[in-house]
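Structure, as structure tokens:
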Amino acid sequence: MILDTALWSSLPVPALMLDADDLIISSNPAAESFLNMSTKALTGQRMWDKVMIDAPLEEPFDRARKNRSSLFVNDVNVGSGERAPLICNVQFAPLQGSDEVMIVMISPREIAGRVNQHHSSEKAAKSAIGMAEMLAHEIKNPLAGITGAAQLLSMGLSTEDQEMTDLIVEESRRIVKLLEQVEQFGNLRPPLLKPVNIHDILDRARQSASVGFGAHMLFIEDYDPSLPQTMADGDQLLQVFLNLIKNASEASRDGGAIRLHTFYDTSLRVRRSDGTQARLPLQIEIIDNGPGLPAEIADDIFEPFVSGKENGTGLGLALVSKLISDVGGWITVDSVPGRTVFRISLPLAPKETELGES
């Protein structure tokens, strides 16, 4: 081809080459990863059928092709049938040395913003721990006294008045359950890190959910069996998966599907607080076909006390964010009606030789 193969494969942004009929004739590895489709699945397909761009671009693109000029489009949603959309900048340009071939380059804009949002959510979660512990300590003990007093009062009351004391007891117990969640959120126990198999933990979460809160859901396993181990606390990671699956199940009360998808992606790197970079190649996606997150809270869903549920505490996803952060991972969400994707990115477990040296 006109482009050097090594150069084409090394491009850090997703890129496609189109022929005169807008059919994809080549895609680089970054495009495969971004669109979650192989080169084989993309080649020969019409670009507009495989790349979903939330903007009317076909006519401007035709003019750019005819004039052999470039076309730039900023801040548009770009996705595919295999992944939720991201806000991107898209560039169309003619390939020099060819009269027909056009190049499409897609630059996701949300990565940097979501990294900053992740760190912000992490700090917010940790700062909320002190308040959580204080609330649990200061409120839980007096509630026991209120519950006991109401039960004693009920012994000498009429049936009609007992309804009021029963209400006091019931509401007090409901608050205690809320405080137990708060106490869990305030648990400062560091993770017990060891090499774990992601699929073993996903299977435990799926089995538990399928006989309980997710019994009405169809579970689809889409695993990459070659994934290596990650370094994590198995119990805490199980708690994360159960929380996300429970949210997906509750969002689809009339039944639906939850897809558990794992894959390897070498492109994701995040900067640690000490300035070094960390690779997070292990990807776990929990995908449901429910109604999606409410638009007004979608950007803050990992913040403490933000919830889309009518009686939600807003601590579940904040706790999930904290637990993933504790093992050096990263979590994001993409949500549109009919498709919500929670994506967890985790590091590789060190090799045995590295573990022995540490």
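Coordinate-derived values only; no laboratory data. The structure displayed is predicted, hence computed values, not measured ones. Counting neighbours? That spans all protein chains shown, and the Cβs are built from the backbone with ideal geometry, glycine included.
In nm, what is the difference between 0.36 nm times the number of residues separating Val73 and Ala257 and their Cα-Cα distance?
Gain on stretching Val73 to Ala257: 62.8 nm.
I'd like the per residue volume of the convex hull spanned by the Cα atoms of segment 196-297, given in cubic angstrom.
128 Å³
Of Leu57, Leu202, how do they rank once you tally other Cβ atoms within 10 Å and put the fewest first?
Leu57, Leu202
Note down the net charge around Glu58, summing +1 for each Lys or Arg and -1 for each Asp or Glu among other residues with Cβ under 15 Å from its Cβ. Working shown, then result.
Numbers: positive: Arg46, Lys50, Arg63, Arg65, Lys66; negative: Asp21, Asp22, Asp49, Asp54, Glu59, Asp62.
For residues surrounding Glu58, the net value is -1.
I'd like the Karplus ³J(HN,Hα) series for segment 232-240: coefficients 6.51, -1.76, 1.60, θ = phi - 60°, whole numbers in Hz, and an x wherever there's a Gly or Pro.
7, 8, x, 5, 5, 5, 4, 4, 4
Taking θ = phi - 60°, what integer Hz values does the Karplus form 6.51 cos²θ - 1.76 cosθ + 1.60 yield along segment 204-221, in sequence order, with x for Gly and Pro?
4, 5, 5, 4, 5, 5, 5, 9, x, 5, x, 5, 8, 9, 8, 9, 10, 9
In terms of modelled amide H atoms, which long-range or inter-chain residues lie less than 5 Å from the amide H of Ile258?
Amide H to amide H, under 5 Å and 5 or more residues apart or across chains, Ile258 pairs with Leu218, Phe219, Ile220.
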